[in-house]
Amino acid sequence: MQPAKHEHWSSGFTFLLAAVGSAVGLGNIWRFPYVVAENGGGAFVLIYLAIVIVFGIPLLMSELMIGRSSQKPPLGAMQSFGGSRVQKLWDAVGWSYLLVPMGILTFYSVVAGWTLDYAFGMGIGTFNNLEEGASARMFQELLASPVKLVFWMTLSIGITVGIVARGLKSGLETTVKILMPALFIILIILVLYASITGDFARSVTFMFEPDFSKITPKLVLMAAGQAFFSLSLGSGAIMVYGSYLTRDISIPKMAVGVAFADTAVALLAGFAIFPIVFAFGVDHAAGPGLVFVTLPIVFNDMGGIGQIFGVLFFLLLAFAAITSTISLLEPMVAELSEEGKFKRARAAIYCGAVLWFVGVFVALSNNILSDVHPLGFLPLFEGKTIEGVIEFLSANVFMLLNGMMVSIFVGWSVKRSVTLEEMGLGDSVLFKIWFLLVRFVVPLGVGFIFYDVVL
Ligand code: TRP
């Protein structure tokens, strides 16, 4: 059988929609606000912004470059530059770029399932007339229900497989062209609404007035992890999307565009959520339950219109999640169909089946399997459930390691003439700054963070 043909984005703009779709996800709307709240507001936001600029943009450029230059999915890409004495190492990095997104997908699909459950529940009025404490109880009930978790997880994997199976143009492009504008419109409506009814001024102070005494190594670490996850770095998504870029498109401009849009959405999500949270006096350090526990209370308090905003909000989350899950599935499917022997649709279905199987265990580690600690005999994994182990390995350990390895690869192994040409910046100051960051600052910085988190 002929390997599948390598497709290309219709335009730079569709690439941006898709890459921003990958970057903007649960990480921005669900995770960013509560991590900001838990880590002292403005100080965290400041460090986060610095990390996006110093690590995020250079790495986005590096991953896009490897993809576009090779015109291959991650493993093929890492093998196509040639001439390295440690090619085995780069092969391993290529594998890791394929496996990390699959790992992330197993738990990401479960959380994406929560958003579907909430959008549906809001729609049929399950959250109307909430009594005291009911909201927290309902969230716990969802987590405790194997049937619900597996049902919604199955649906989110099914939707993802359905889109990815159709290929780049009719699957990915069509989806992001509809979902991304919808997402921006919903987000703007929610921010406007929050700024009128909520405590907007206090939110601005909270997010932008740094209390420098709160900056600790742990905060820097949290900010770096959040930035990597939010920008979809270290995990094949950006690399494979880069491989669909044509040569006339500027990689630096695209990288800046993705970083800017992703950060803007995270901040906007803060402005959609904090004004309401402050105005209603809910505990803003509510952790992962922030949007699932507190917002239903708030929507309920608003009366009839609250139900509409509730549906909108959770649809927003679901859309954001889907444009991310497709980018998490795409690397492996592209690899199997272009370099392996599978038709694209078949590759998507096989991957979906594997994900679903692992996903069931991940979903059930919230309830029936909550006492199973697979690597509990190792100190690093003590007390971690199946979900915890997969999340820690994919989103903490290997995601960071991958980013570090790729910056070393681009900075030290790929020929400078190749990078010079791909960046299209000439041998300018900007190019030199990028090269310096990629050769020294990113590997050392990420290595240090990694050392701190993992070792
Ligand atoms: N960036 C997405 C978010 O913020 C999640 C995501 C999509 C992702 N693709 C990724 C995270 C690849 C890491 C790697 O929700």
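Of a type in the set (Val, Ile, Thr), closer than 25 Å to Pro101 by Cβ and open to solvent by 20 Å² or more (accessible area, probe 1.4 Å): which single residue out of Val240, Val282, Val256, Val265 fits that description? Give the derivation first.
Details: Val240 fails: open to solvent by 20 Å² or more (accessible area, probe 1.4 Å); Val282 fails: closer than 25 Å to Pro101 by Cβ; Val265 fails: open to solvent by 20 Å² or more (accessible area, probe 1.4 Å).
So the residue among Val240, Val282, Val256, Val265 that is of a type in the set (Val, Ile, Thr), closer than 25 Å to Pro101 by Cβ and open to solvent by 20 Å² or more (accessible area, probe 1.4 Å) is Val256.
Yes/no matrix, rows are residues, columns are (1) at negative phi; (2) touching a residue at least 60 places away in the same chain (Cβ under 8 Å):
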{"site": "Gly167", "(1), (2)": "no, yes"}
{"site": "Met180", "(1), (2)": "yes, yes"}
{"site": "Ile186", "(1), (2)": "yes, yes"}
{"site": "Ile196", "(1), (2)": "yes, no"}
{"site": "Asp211", "(1), (2)": "yes, yes"}
{"site": "Leu221", "(1), (2)": "yes, yes"}
{"site": "Ala227", "(1), (2)": "yes, yes"}
{"site": "Ser232", "(1), (2)": "no, yes"}
{"site": "Ile238", "(1), (2)": "yes, yes"}
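So, in segment 322-361, how many residues would count as being of a type in the set (Val, Ile, Thr) and within 16 Å of the ligand (Cβ to nearest atom)?
Residues of segment 322-361 of a type in the set (Val, Ile, Thr): 322-323, 325-326, 333, 349, 354, 358, 360.
Among the residues that remain, those that are also within 16 Å of the ligand (Cβ to nearest atom) are: 322-323, 325-326, 333.
Number of matching residues: 5.
Out of Met153, Met65, Met102, I need the residue that is crowded, with 24+ Cβ neighbours inside 10 Å, within 20 Å of Ser394 (Cβ to Cβ) and of a type in the set (A, V, I, L, M). Which one?
Working: Met65 fails: within 20 Å of Ser394 (Cβ to Cβ); Met102 fails: crowded, with 24+ Cβ neighbours inside 10 Å.
The unique qualifying residue is Met153.
Taking Phe127 and the conditions (1) of a type outside the set (D, E, K, R); (2) open to solvent by less than 30 Å² (accessible area, probe 1.4 Å); (3) assigned to a helix (DSSP H, G or I), which numbered condition does it fall short on, given that it satisfies the others?
Exception for Phe127: condition (3).
Out of segment 370-400, which residues are in contact (Cβ under 8 Å) with a residue 24 or more places away in the chain and either within 13 Å of the ligand (Cβ to nearest atom) or within 22 Å of Gly359 (Cβ to Cβ) (or both)? If you could, list the steps in order and put the result at the bottom.
So the first thing to find is which residues in segment 370-400 are in contact (Cβ under 8 Å) with a residue 24 or more places away in the chain, and the list is 380, 386-387, 390-391, 393-400.
Listed by number, the residues that qualify are Ile386, Glu387, Ile390, Glu391, Leu393, Ser394, Ala395, Asn396, Val397, Phe398, Met399, Leu400.
Would you tally the residues in segment 223-237 being touching a Gly at 6+ places or on another chain (Cβ under 6 Å) and either open to solvent by 10 Å² or more (accessible area, probe 1.4 Å) or over 16 Å from Leu105 (Cα atoms) (or both)? Explain how you work it out, then say what you get.
Our first condition is that a residue be touching a Gly at 6+ places or on another chain (Cβ under 6 Å); within segment 223-237, this holds for 227-231, 233-234.
Restricting the remaining residues to those that are either open to solvent by 10 Å² or more (accessible area, probe 1.4 Å) or over 16 Å from Leu105 (Cα atoms) (or both) gives 227, 229.
Summing the residues that are touching a Gly at 6+ places or on another chain (Cβ under 6 Å) and either open to solvent by 10 Å² or more (accessible area, probe 1.4 Å) or over 16 Å from Leu105 (Cα atoms) (or both) in segment 223-237 gives 2.
What's the total number of residues in segment 24-35 that are of a type in the set (Phe, Trp, Tyr) and either without any contact (Cβ under 8 Å) to a residue 60 or more places away in the chain or open to solvent by 10 Å² or more (accessible area, probe 1.4 Å) (or both)? Break it down stepwise before answering.
Applying the first criterion (of a type in the set (Phe, Trp, Tyr)) to segment 24-35 yields 30, 32, 34.
Next cut, either without any contact (Cβ under 8 Å) to a residue 60 or more places away in the chain or open to solvent by 10 Å² or more (accessible area, probe 1.4 Å) (or both) only: 30, 34.
Counting residues in segment 24-35 that are of a type in the set (Phe, Trp, Tyr) and either without any contact (Cβ under 8 Å) to a residue 60 or more places away in the chain or open to solvent by 10 Å² or more (accessible area, probe 1.4 Å) (or both) gives 2.
Kindly state which helices (runs of 4 or more DSSP H) lie completely within segment 337-455 and contain at least 2 residues that are among the aromatic types (Phe, Trp, Tyr).
Values: elements: 344-364, 386-391, 399-408, 416-423, 429-436, 442-454.
Per the criteria, 344-364, 429-436, 442-454.
Would a scan of segment 36-54 turn up a residue that is surrounded by fewer than 24 Cβ atoms within 10 Å (Cβ to Cβ) and farther than 27 Å from Leu187 by Cα?
yes
If you go through segment 158-169 one residue at a time, do you hit one that is among the hydroxyl-bearing types (Ser, Thr, Tyr) and out of contact with any helix residue (DSSP H, G or I) (no Cβ under 6 Å at 6 or more places or on another chain)?
No: segment 158-169 contains no residue that is among the hydroxyl-bearing types (Ser, Thr, Tyr) and out of contact with any helix residue (DSSP H, G or I) (no Cβ under 6 Å at 6 or more places or on another chain).
Could you say whether any residue in segment 349-367 is more than 27 Å from Ser22 (Cβ to Cβ), surrounded by fewer than 18 Cβ atoms within 10 Å (Cβ to Cβ) and not β-branched (Val, Ile, Thr)? First the steps, then the outcome.
Of all residues in segment 349-367, those more than 27 Å from Ser22 (Cβ to Cβ) come to 364, 367.
Checking the rest, the ones that are also surrounded by fewer than 18 Cβ atoms within 10 Å (Cβ to Cβ) come to 367.
The next check asks that each one be not β-branched (Val, Ile, Thr); those that pass are 367.
Yes: one or more hits.
Just checking, which of Gly376, Gly340 is over 28 Å from Glu7 (Cβ atoms) and more than 22 Å from the chain's Cα centre (by Cα)?
Working: Gly340 fails: over 28 Å from Glu7 (Cβ atoms).
The match here is Gly376.
The values are calculated or read from the model by the stated rules, or taken from the named source; none is laboratory data. These numbers come from a predicted model, not from an experiment. Cβ atoms come from the backbone with ideal geometry, glycine included; neighbour counts cover every protein chain shown. Heavy atoms of the whole protein, side chains included, go into the accessibility calculation; ligands, DNA and RNA do not. Shrake-Rupley method; radii C 1.70, N 1.55, O 1.52, S 1.80 Å.
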